[in-house]
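Contents: one structure, followed by commentary.
The values are calculated or read from the model by the stated rules, or taken from the named source; none is laboratory data. The structure presented is a predicted model; accordingly, all values stated were derived computationally and were not measured. When we count neighbours, we look across all protein chains shown, and the Cβ atoms used for this are built from the backbone with ideal geometry, even at glycine. The protein model used for the area step is the full one, side chains on, heavy atoms only, and it has no ligands, DNA or RNA in it. Shrake-Rupley method; radii C 1.70, N 1.55, O 1.52, S 1.80 Å.
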Amino acid sequence: MAQSFSRNILVTGGAGFIGSHVVRLFVNKYPDYRIINLDKLTYAGNLANLKDIKDRPNYVFVKGDICELDDMLSLFEQYAIDGVIHLAAESHVDRSIKDPFTFARTNVMGTLSLLQAAKMTWEGDYAGKRFYHISTDEVYGALDFDETLFTEDTRYNPHSPYSASKASSDHFVRAYHDTYGLPVVISNCSNNYGPYQFPEKLIPLFIHNIRHNKPLPVYGKGENVRDWLFVEDHARAIDVIFHHGRDGETYNIGGFNEWKNIDLIRVIVRTVDRLLNRPEGASDHLITFVTDRAGHDLRYAIDSSKLKNELGWEPSLQFEEGIEKTVRWYLDNQEWMDNVTSGDYQRYYDEMYANR
Ligand code: NAD
Ligand code: TYD
């Protein structure tokens, strides 16, 4: 007899970096929930991120595009979706500077089509339903060195096409709550790091380059500040907010862990050299200052005390521990990295699902 599930939760973008950690956490922790992972498998989606749970009875993978409203409506119907954790997005600022339209399509129109699918399927019967939108601290713009942290009340002031598209999607989520009563919750998180991050982002890119003795392109003077959170701590926060966050609320998620890029880069260089048994300082010469990113936000820093006070969430890892764990993971998982850098990972879908 087919197993029946207490909940059917649609996770979008589950083959990406953060999404894969969320899917793994939910599949393992809630065997009575069915987790439907909907992902378009863009360059950022990698099914190898979920190899360990792919055959679980409470896990389903569906290849699809959040922008296709008819497909989303069929999916909601087919799986009787009662909860959404929406992570699918274009997520890299540098790509958004080159191609803003793709960001508007996926992040704005894609979110809108999911909201509409939820509204049309649930038809005002919102008991037990939840639409959880995952967003970023970048919607708040940039802080000066002496400014206080972003709170949930900080005015939206996005600068990059990426953050503008995420800000717009947040506004649509709130509009569906205020206009149609859709039960929504939003969180805005700081920079994540950890296993399975695509090596276009600072930390995995630099670990990879140090290993292969390639230059480390530091934008500008390396003075920009980011607030770093270990990805599994973000996934835990998502679990807590999905289950206990108040309807219509926003929660900031951050590590109270600000690092100037150049200081962080020096920690990474030291850690990789040590773990590869290279002499201290061996890779320092790879650090290369390059032209700054256009409109480069100076500083992000998040105040996540609302989440701590209301829902009891706190980061579990000290940064030193998290970065050591992360560097080790990338060094130990060279095959994962090789498949990503060669493009080989894009054949996993055909191998795993296409001929079923
Ligand atoms: P990612 O780029 O690693 O993954 C995005 C996933 O979305 C990929 O699997 C991709 O295939 C999928 N996708 C893209 N377009 C799609 C579409 N049209 N339909 C279906 N799937 C599609 O991103 P990430 O870093 O894991 O970020 C996930 C979410 O968290 C994003 O919404 C991002 O804005 C947000 N966020 C990220 C960070 C961070 O530091 N990475 C911090 C705060 C918030
Ligand atoms: P990134 O990982 O792209 O995240 P975000 O832009 O969303 O914060 O970049 C983190 C910081 O590192 C950011 O200040 C830009 C900087 N950076 C570099 O200096 N060199 C690089 O090659 C990359 C990818 C980022």
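Quick one: accessible area per residue over the chain, 1.4 Å probe, rounded to a whole number of Å²?
Working: 15270 Å² over 356 residues.
That works out to 43 Å² per residue.
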Roughly how many nanometres apart are two label points built 7 Å out from the Cα toward the Cβ at residue 260 and residue 99? 3.5
Quick one: helix 319-332 against the long Cα principal axis of the chain, what's the angle to the nearest 10°, folded into 0 to 90? 90
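With n ≥ 4 as the cut-off for DSSP H runs, can you work out [θ] at 222 nm for the chain, using -39500 (n - 2.57) per run divided by the number of residues, rounded to the nearest 500?
On the way: 12 runs with 135 residues, N = 356.
Taken over the chain, the calculation gives -11500 deg cm²/dmol.
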Remind me, relative contact order of the chain in percent, using alpha carbon pairs under 8 angstrom and six or more residues apart? 17
Just to be sure I understand the model, the point goes 7 Å from the Cα along the line to the Cβ. What's the resulting residue 246 to residue 175 distance in nm? 2.6
Given points 7 Å out from each Cα along the Cα-Cβ axis, report the residue 73 to residue 318 separation in nanometres with one decimal. 5.5
What is the stretch 1-52 by shape, rounded, prolate or oblate, if you read a ≥ b ≥ c off the alpha carbon gyration tensor as root eigenvalues and call it rounded for a/c under 1.5, prolate for a/b larger than b/c, and oblate otherwise? prolate
With everything on Cα atoms, drop me the angle between helix 261-275 and the longest principal axis of the chain, reported from 0 to 90° to the nearest 10. 80
Probe radius 1.4 Å, ligands and nucleic acids ignored: give me the carbon and sulfur share of the accessible area of the stretch 1-122 as a rounded percent. 54
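Which value results for Rg/Rh of the chain when Rg is the Cα radius of gyration and Rh the Kirkwood radius based on the inverse mean 1/r?
On the way: Rg = 20.0 Å, Rh = 20.9 Å.
When Rh is taken as the Kirkwood radius, the ratio is 0.96.
Roughly speaking, what is the stretch gain from residue 289 to residue 309, that is 0.36 nm per residue apart minus the C-alpha to C-alpha distance, in nm to one decimal? Walk me through the numbers on the way to the answer.
Details: separation 20, 0.36 × 20 = 7.20 nm, distance 4.09 nm.
Using 0.36 nm per residue and subtracting the Cα-Cα distance, I get 3.1 nm.
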Taking r as the C-beta separation of residue 328 and residue 4 and R0 as 41 Å, the FRET efficiency to the nearest 0.05 is 0.50
Within the stretch 216-356, what whole-number % of the accessible surface is contributed by carbon and sulfur, with the 1.4 Å probe and all protein chains included in the calculation? 44
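Using the structure shown, list the pairs from 51/166; 63/129; 29/325; 201/260; 40/260; 129/308 with a Cα-Cα distance above 26 Å, or answer none.
Details: 51/166 29 Å; 63/129 23 Å; 29/325 22 Å; 201/260 16 Å; 40/260 34 Å; 129/308 24 Å.
Where the Cα-Cα span goes over 26 Å, the pairs concerned are 51/166; 40/260.
Contour minus end-to-end for residue 51 and residue 155, with contour as 0.36 nm per residue of separation and end-to-end as the Cα-Cα distance?
Here the answer is 33.4 nm.
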